[in-house]
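The values are calculated or read from the model by the stated rules, or taken from the named source; none is laboratory data. Just so it is clear, the structure is predicted and the values come from calculations on it, not from any experiment. Heads up, the Cβs are rebuilt from the backbone with ideal geometry, glycines too, and the neighbour counts pull from every protein chain shown.
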Amino acid sequence: MKLAEQFVPPSSKLMSDYINGDENLRRYFSYNPDMSSFGSRLQKLQKHNVDRQRLSAVIRSYMEPYGISGKAEEHLQDFEDGASVVVTGQQAGILTGPLYTIHKAISAIVLAKQAKEELNTKVVPVFWIAGEDHDLAEISHLYREINGRVEKLNFPHVEYGKKTASTAILNKARITDFLNEYFRSLPETAYSKELQQMIFGFLETTETYTEFFSSLLNHFFNEEGLLMIDAAYPEMRKFESEFFKRLIELSPAIAKEVYTAEQELVAQGYNPPLSAEEDAAHLFITVKGERILLKREGETFTGNDGKVRFSVDDLLNIAEQSPEMLSNNVVTRPLMQEMVFPVLAFVGGPGEIAYWSLFKKAFEILGMEMPVIMPRLGMTLVNRKVQLLLEKYGSNFEDVAVKQKTKQLKADLLDAVREKEAEKLIEDLEAKIQMDYDSIQQRMTEVSRGLAPLVEKNLQFHLKQLDFLKHKLEDEVILQNSVQFGHYDFLENELLPNGSLQERIYNPVSYMNEYGMDLVNQLLALDLKYDKNHKIIYF
């Protein structure tokens, strides 16, 4: 296994400016995104009051059903003794969702280790699972490659309604069929049987999306002692009761600052990360099993087109008596994380960091400061077949994944092998038919203008037939050169599937099927430097 690095330009202007140090953008953050910021942030955390014993007990009780490793116990003890945390998180996707979920966890672990070494203090990694999320469509799918195409395989989720990932009880029969269908699309390898036994074993012992996700995540990072917590865990909600009260009371001020920050960024030429509204409450409430987004109407909080209404006192009472009914959105989740944990750094993807650019003043309203916001590490896994094809065609990772040259290579190949004489004959015939029909239309419309549509329809019929011949000719040429075209498609599907980096499309299980059950440990064994370069791992 070999590690290489390549800078991959971010897809958004905001992310590009952030990692490249644009001063106008940096003022929306408290720290620069590098290790040099950690010392100052650690000093500020000395004043961060956290009920470490109680929070450690909450995390331990959440993780116990999945098994707490010796390293996780060590991290829990370190936290109780005063350690700060590096936090990352994600929704509870099927089979952990896209690869970048694993990359986030790896990033938090690597960053915590580096911070521990540089600061000479204990730092532990924490994964915040967004089990409160009810957008099940976003997490109920997998991608696979079928006959040279990248195909989205959707898991039926309509039966769960608007339940959250932590309350939707999985239909075991349906998800078993779904996973069997997915595994049939993977090649049979030395790891396939053990891998499937592991996956279905965890499915058998879990009930919800979040439980299934947590069991896999804990298994993958057991040796590293990654701490996990589900945002929707009832004991966590109880712990957050007083924090929800603060978010309710300060809701108008938080919404105003977030809205103002977004308007400023849009005026500077950035796309709006959130489309924030001044009357947003940035909180959800669950009523009769349905998670409802709240907004403010004067002193009242409403939702579901006014069908549910709460006074400030109503919500404060709910926060006191039934905090499990409340949950955060993308704005209040970072605020809640900071109130709950002493966060040295938060690891996020491009979309999350765009959201965070709006939150600095909101943190200040709550008497807090934003942590260091670090972009997650980007990674691409490259197997031997891809390497051989890149060598064969004189290409590299940058050509395919960054410069997207395979499209031009396919176009050049098609141009080189086209049957140009036959194409010319068809084109000449098209031109002649067009001219002849012009004459026919002129003569026939002299008889009756009502015949003009009939002439046009007849012309289009003949042109359509000639167009059919052209496409059949092109298909046959491609078929005769299918090996080379197939190679280009394969490179695209592996390195830039559906026009996105591999880590945004495929899930880790397909790569464990190829590289082994210990894939995560293999990646963590690499000398991963925390910088802005994309990591390319050649197997």
Since Thr445 meets every condition but one in (1) loosely packed, with under 15 Cβ neighbours inside 10 Å; (2) over 29 Å from Ile478 (Cα atoms); (3) in contact with a His (Cβ under 9 Å, 6 or more places away or on another chain), which condition does it not meet?
(3)
Run down Glu338, Glu364, Glu369 and say which single residue is on the phi < 0 side of the Ramachandran plot, among the acidic types (Asp, Glu) and not in a helix (DSSP H, G or I).
Glu369
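Of the residues Val455, Val447, Val417, which single one is under 45 Å from the mean Cα position of the chain (by Cα), of a type in the set (Val, Ile, Thr) and either modelled with pLDDT under 95 or under 30 Å from Pro9 (Cα atoms) (or both)?
Values: Val455 fails: under 45 Å from the mean Cα position of the chain (by Cα); Val447 fails: under 45 Å from the mean Cα position of the chain (by Cα).
Answer to the selection: Val417.
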Single residue of Ala105, Ala92, Ala112, Ala72 found to be in contact with a Ser or Thr (Cβ under 7 Å, 6 or more places away or on another chain), among the small types (Gly, Ala, Ser) and either modelled with pLDDT under 95 or part of a helix (DSSP H, G or I) (or both):
Ala105
Filtering segment 14-51 down to residues that are surrounded by fewer than 19 Cβ atoms within 10 Å (Cβ to Cβ), polar (S, T, N, Q) and within 25 Å of Lys113 (Cα to Cα) yields Asn20, Asn32, Ser36, Ser40, Gln43, Gln46, Asn49
Please verify whether segment 221-239 includes one or more residues that are farther than 20 Å from Arg60 by Cα and either in contact with a helix residue (DSSP H, G or I) (Cβ under 9 Å, 6 or more places away or on another chain) or of a type in the set (Lys, Arg) (or both).
no
Kindly indicate whether any position in segment 172-179 is in contact with a strand residue (DSSP E or B) (Cβ under 8 Å, 6 or more places away or on another chain), closer than 30 Å to Lys71 by Cβ and either surrounded by 19 or more Cβ atoms within 10 Å (Cβ to Cβ) or of a type in the set (Val, Ile, Thr) (or both).
no
All positions within segment 241-253 that are in contact with a strand residue (DSSP E or B) (Cβ under 8 Å, 6 or more places away or on another chain) and not in a helix (DSSP H, G or I):
none
Right, Gly306: modelled with pLDDT under 95, in a loop (DSSP other than H, G, I, E, B) and more than 19 Å from the chain's Cα centre (by Cα) or not?
yes
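Residues of segment 279-303 being in a loop (DSSP other than H, G, I, E, B), at pLDDT below 95 and either within 19 Å of Gly161 (Cα to Cα) or of a type in the set (Asp, Glu) (or both), which ones?
Initially, segment 279-303 is screened for residues in a loop (DSSP other than H, G, I, E, B), giving 279, 288-289, 298-299.
Imposing the further condition that a residue be at pLDDT below 95 reduces the set to 288-289, 298-299.
Correct list: Lys288, Gly289, Glu299.
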State which residue is surrounded by the fewest Cβ atoms within 10 Å (Cβ to Cβ) when the search covers only segment 253-280 and only residues that are touching a residue at least 24 places away in the same chain (Cβ under 8 Å) and of a type in the set (Ser, Thr, Tyr).
Thr260
Would you check if there is a residue in segment 215-237 being of a type in the set (Lys, Arg), modelled with pLDDT of 95 or more and surrounded by 14 or more Cβ atoms within 10 Å (Cβ to Cβ)?
yes
